[in-house]
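Some notes on the structure that comes next.
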Amino acid sequence: MENKLKDAFRKEMRQRMKERLREVEEEVAVPRIRRLSVGRWLTAASVVLLLGMASWYWLATPSVQPAAIAQSMFAPLPNVLAPEVRGTAAESALQNAMQAYQIKRYPQAIASLKQLPDSLQSQEVQLYIATAMLADNNAQEAVQVLQTLPPEAATQWYLCLAYLQTGKQEEAIALAEQLRQSNDTFYRERADALLRALQ
Amino acid sequence: MVERLYRQHRPSFLAWARRHYPLNEEALLDVYQDAVIILYQNVVEEKVTELRSTISTYLFGIAKNLILKKLRQQKRTPLGLDEISEVAVAPQFVQRSDQEDQQHQMRQALNRLGDACRQILEFFYYYEYSLEVIAERMAYKNANTVKAQKHRCMKQLEKEIGSRR
């Protein structure tokens, strides 16, 4: 009875706090725009102007720009493979490979992931290999791996970045356009930001 | 205190999480809210008594686990028809449903109690305050008065639960 009571209070408190934090979130998210004074608007306008001038200058040097944008927008995939892995030696090998990936030892991660037995090979493993290649500045090979995978949002996003890094801007834009229409909010937002940066 | 904590670490959480995890802002904020709540409850329930790192490291650690859990759930494909029938008759599934039912009954019974009773029980069973502290906070004469009142509240709660079965 005592445990049930405690549990009931815990859940109720959780619910109350969640409601309150949602209200706080609305307060935090909305008024930031409304409260801008004239002075701040002017500051914001001058920042936009400066950014505009900076991006014009940046755009005027097209040879490095798309690859630099791709690099700035690249983030490795979070490790959601290894936390579920327990048990056999082969599974430990996957865990070790993903640990290397997490601590950014990409060449080691790529080698270990490639050596995994067939039973553990999957499209997800291939995606991690490709993103590790991208992180390791080997976009050329990353493209080759990514092109063999099904066109899911994550795969398309990394292929798009890999294209940019290998100078295939048209292919990258075509993929980003497709992603901008996809149902995946996360990659849709990223693709949108990328296309804006490339304009 | 919780709201201040929430506001204080929100920008750095969003900057960190956006960089590392493929979730949209709405999902990240949902996780962040849950992480703040878990942190608070861990402190209240004394699961955390001292921190070996900064509070933001601890908070982001909780959030990271929640994000990974969310990502794993997203990766799961919907169950096929065969699997659904197996899950539906699995004993652990039935048991869980009973437990949820009991919890629901308990919460409804608590809602039917008066404010004073609810407060005493919450202070005593959730916050684990001593009778003396409750007497002081709720302006009762002494610990014995609280004890008697708590006893009456428990009887009333049992009655409320019994009457709805």
(request) Scan segment B:128-165 residue by residue and report those that are at pLDDT 85 or above, polar (S, T, N, Q) and assigned to a helix (DSSP H, G or I). (result) B:N144, B:T145, B:Q149, B:Q156
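In segment B:45-53, is there at least one residue being part of a helix (DSSP H, G or I) and more than 9 Å from every other protein chain (Cβ to nearest Cβ)? Break it down stepwise before answering.
Let us first name the residues in segment B:45-53 that are part of a helix (DSSP H, G or I), namely none.
No, segment B:45-53 has no match at all.
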(message) open to solvent by 70 Å² or more (accessible area, probe 1.4 Å) and in the same structural domain as B:L71 (by TED's automatic domain parsing): which single residue out of B:V31, B:V43, B:V48 fits that description?
(response) B:V43
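Within segment B:1-24, how many residues turn out to be at the interface with chain A (Cβ under 8 Å from one of its Cβ atoms) and either more than 20 Å from A:R16 (Cα to Cα) or crowded, with 17+ Cβ neighbours inside 10 Å (or both)?
Filtering segment B:1-24 down to residues at the interface with chain A (Cβ under 8 Å from one of its Cβ atoms) leaves B:2-3, B:6-7, B:10, B:19-24.
Now drop any that are not either more than 20 Å from A:R16 (Cα to Cα) or crowded, with 17+ Cβ neighbours inside 10 Å (or both), which leaves B:6, B:10, B:19-24.
Total meeting the criteria: 8.
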(request) Go over the candidates B:L157, B:L121 one by one and state the one that is touching a residue at least 40 places away in the same chain (Cβ under 8 Å) and within 23 Å of the chain's Cα centre (by Cα). (result) B:L157
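The values are calculated or read from the model by the stated rules, or taken from the named source; none is laboratory data. Quick caveat, the model's predicted, so the values are computed rather than measured. Positions of Cβ are generated from backbone atoms using ideal geometry, with glycine treated the same way; all protein chains shown enter the neighbour counts. Quick note on the areas: whole protein, heavy atoms, side chains included, nothing else; ligands and nucleic acids left out. Shrake-Rupley method; radii C 1.70, N 1.55, O 1.52, S 1.80 Å.
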